[in-house]
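Q: Sharing a structure, written as structure tokens. Questions coming.
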Amino acid sequence: MKAASLAKMSLGAARYRLTGHRVPLHVLLTVTHQCNALCAYCAVPLQRVQELSTEEWGDILDRLARRGTTRVSIGGGEPLTRADIGMLIDRCHSHGMWTSMESNGHLVPQRIGELKNLRQLVLSLDGRPANHDQLREHGSYKKVLQAIEVARAAGIEVWTLTALTRRNIDDVGFILDQAEALGFTANFQVLQGDCSPYGKGGERLRADQAETQRVLRELLEARLAGRPVGISEKTLRYLLTWQDFRKTTDSTPHEDLHCLAGQLYCAIDADGTLSPCTLQVGSFGGKNIREVGFDAAFDTLRDNPCAACTSSALTEYNYLYNLNLPALVEYARARRWREERKVA
């Protein structure tokens, strides 16, 4: 995140703490449910909704800019299946929003010119070639490596995201070796198989509690050793306190984390439904922007029933937007380290 965006985020978070004024500083957009793959643990492509048009997304982005949004995360489905994805990215950029996008990478080489205004590209990488292809489809590992190479050559910061399953739980070292060799940052996520409509196959694919805690400790050691692990030390220590990874969310706060979903960040689904976060789409009962507009829909998010979760990314957001000093210091150091690594 640029210094100016980080400053705006910090000011918005500080204002919320002092006055309770809610601002959608960070908005997670699911721009489509369509996908050119069907992964073993993902049910998004099975959802059928009337998706927002280019014009509707453009109007929403304009409204977010007026409401003070500083960061947008674009996901799917596969965002690159939308013909207008480049225009949406450019619209975010025109408003000065720090923009990231999650992708399986299959279409990145063909669409790289449309990604020039992305600040970060997050690519799915699920382990060694055989394990990745088994969880996704044959030949997809080679497509991810090609996407990493093309994006890096275009000057886009690349992260990978690995959903930890019993099939790839021992591939963390391999992924970090690849990250060091190819120049990307590796992020990891505990499997969220019980979160409809996004997850499936939770019991079949989920690593057990002991294995998950073991790999989280390995990631913590790797992070402390300076390896390119995307999860912060703060979040890894938090995840290690989670008592049962079969349960993704909790209504009880954990440790010093205070969930700000629906207060300082929110999620918009492909049909315009607004929810506190991506884990609560379809279960929270949020309003649809098409029907009531963004402002009225955002007002309904005040009563978020969730207080904690196992999402690595959402936990990171919560620590930062709570202005947790250790988290902010660690974020600044990691940001500086990645910049130096990119230059080197």
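Q: May I ask you to verify whether residue 207 is under 18 Å from the mean Cα position of the chain (by Cα), of a type in the set (Gly, Ala, Ser) and either at pLDDT below 95 or assigned to a strand (DSSP E or B) (or both)?
A: Values: under 18 Å from the mean Cα position of the chain (by Cα): no; of a type in the set (Gly, Ala, Ser): yes; either at pLDDT below 95 or assigned to a strand (DSSP E or B) (or both): yes.
Considered against the rule, which asks whether it is under 18 Å from the mean Cα position of the chain (by Cα), of a type in the set (Gly, Ala, Ser) and either at pLDDT below 95 or assigned to a strand (DSSP E or B) (or both), residue 207 comes out as no.
Q: I need every pair where a residue in the stretch 245-259 that is basic (Lys, Arg) has its Cβ under 8 Å from the Cβ of a residue that is at pLDDT below 90 and in a loop (DSSP other than H, G, I, E, B), sequence separation at least 6 or different chains.
A: Close Cβ pairs satisfying both conditions: 246/194; 246/206; 247/194.
Q: Looking only at the stretch 110-147, filter to residues that are outside any helix (DSSP H, G or I) and of a type in the set (Asp, Glu); which one of those is surrounded by the fewest Cβ atoms within 10 Å (Cβ to Cβ)?
A: 137
Q: Still on this structure, please answer the following. Just a yes or no: is a residue in the stretch 211-225 of a type in the set (A, V, I, L, M, F, W, C), under 16 Å from the mean Cα position of the chain (by Cα) and at pLDDT 95 or above?
A: no
Q: How many residues does the stretch 298-312 hold that are closer than 16 Å to residue 282 by Cα and either free of Cβ contacts under 8 Å to residues at least 12 places away in the same chain or surrounded by fewer than 16 Cβ atoms within 10 Å (Cβ to Cβ) (or both)?
A: Number satisfying all stated conditions: 2.
Q: Could you look through the stretch 69-109, keep only residues that are farther than 30 Å from residue 21 by Cα and assigned to a helix (DSSP H, G or I), and pick out the one that is nearest to the chain's Cα centre (by Cα)?
A: Out of the qualifying residues, it is 79.
Q: When residue 175 is evaluated against the numbered criteria (1) among the hydrophobic types (A, V, I, L, M, F, W, C); (2) assigned to a loop (DSSP other than H, G, I, E, B); (3) buried (at least 21 other Cβ atoms within 10 Å of the Cβ), which criterion, by number, is the only one it fails?
A: With (1) among the hydrophobic types (A, V, I, L, M, F, W, C); (2) assigned to a loop (DSSP other than H, G, I, E, B); (3) buried (at least 21 other Cβ atoms within 10 Å of the Cβ) applied to residue 175, the lone miss is (2).
Q: Exactly one condition in (1) touching a strand residue (DSSP E or B) at 6+ places or on another chain (Cβ under 7 Å); (2) under 25 Å from residue 101 (Cβ atoms); (3) modelled with pLDDT of 90 or more; (4) not polar (S, T, N, Q) is not met by residue 308; state its number.
A: If we test residue 308 against (1) touching a strand residue (DSSP E or B) at 6+ places or on another chain (Cβ under 7 Å); (2) under 25 Å from residue 101 (Cβ atoms); (3) modelled with pLDDT of 90 or more; (4) not polar (S, T, N, Q), just (2) comes out false.
Q: How many residues does the stretch 141-185 contain that are out of contact with any strand residue (DSSP E or B) (no Cβ under 8 Å at 6 or more places or on another chain), closer than 22 Å to residue 74 by Cα and either free of Cβ contacts under 8 Å to residues at least 12 places away in the same chain or among the polar types (S, T, N, Q) (or both)?
A: 3
Q: Still on this structure: Considering only residues that are over 20 Å from residue 17 (Cβ atoms) and part of a loop (DSSP other than H, G, I, E, B), which ones fall in the stretch 259-285?
A: Correct list: 269, 270, 271, 272, 281, 282, 283, 284, 285.
Q: Sticking with this structure for a sec: If residue 234 satisfies every condition in (1) at pLDDT below 90; (2) touching a helix residue (DSSP H, G or I) at 6+ places or on another chain (Cβ under 7 Å) but one, which is the exception?
A: In the conditions (1) at pLDDT below 90; (2) touching a helix residue (DSSP H, G or I) at 6+ places or on another chain (Cβ under 7 Å), residue 234 misses (1) alone.
The values are calculated or read from the model by the stated rules, or taken from the named source; none is laboratory data. All of these numbers come straight from a predicted model, not from anything done at the bench. Virtual Cβ from ideal backbone geometry, glycine too; neighbours counted across all protein chains shown.
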